[in-house]
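Each remark here refers to the structure printed beneath this line.
The values are calculated or read from the model by the stated rules, or taken from the named source; none is laboratory data. Quick caveat: nothing in here was measured; it's all calculated off a predicted structure. Here the Cβ positions follow ideal geometry from the backbone for every residue, glycine too, while neighbour counts run over all protein chains shown.
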Amino acid sequence: ELLNETMFRNLAHARAVIAAWAADYNTERPHSALDYQTPADYAQALTTAIARPAARDESSARRAIANPAPNGVNNNRAPVTTR
């Protein structure tokens with residue numbers, strides 16, 4: 001969008017304008033990929049979330065995919081030979 005709307009006087013002017021636009025775009029503008037937050041706000045929220053301890057809730061623990069084998073079942077596997 002910047003390149004389509006801006007007439008640059010020379011290479012130095014282009015570098016200055018593009019650098020200012022990139023700084024604004026990467027720090028001040030809300031981004032749809034960040035739920036319409038600025039990158040600075042998103043980074044702050046992420047840092048805050050990481051710093052908090054995880055909730056101690058039984059529902060957050062992983063559940064077993066299958067029940068353990070009943071007593072007396074042989075879980076030893078036969079070795080596989082390679083040639």
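Okay, residues lined up against (1) in a helix (DSSP H, G or I); (2) at pLDDT 85 or above; (3) in contact with a Cys (Cβ under 7 Å, 6 or more places away or on another chain); (4) of a type outside the set (D, E, K, R):
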site: ARG9; (1), (2), (3), (4): no, yes, no, no
site: ALA19; (1), (2), (3), (4): yes, yes, no, yes
site: ALA22; (1), (2), (3), (4): yes, yes, no, yes
site: ALA33; (1), (2), (3), (4): yes, yes, no, yes
site: PRO53; (1), (2), (3), (4): no, no, no, yes
- Message: Of everything in the range 8-28, what is of a type outside the set (S, T, N, Q), surrounded by 12 or more Cβ atoms within 10 Å (Cβ to Cβ) and within 30 Å of LEU46 (Cα to Cα)? Give them in sequence order.
- Response: ILE18, TRP21, TYR25
- Item | Single residue of ASN75, ASN71 found to be modelled with pLDDT of 70 or more and among the polar types (S, T, N, Q) | ASN71
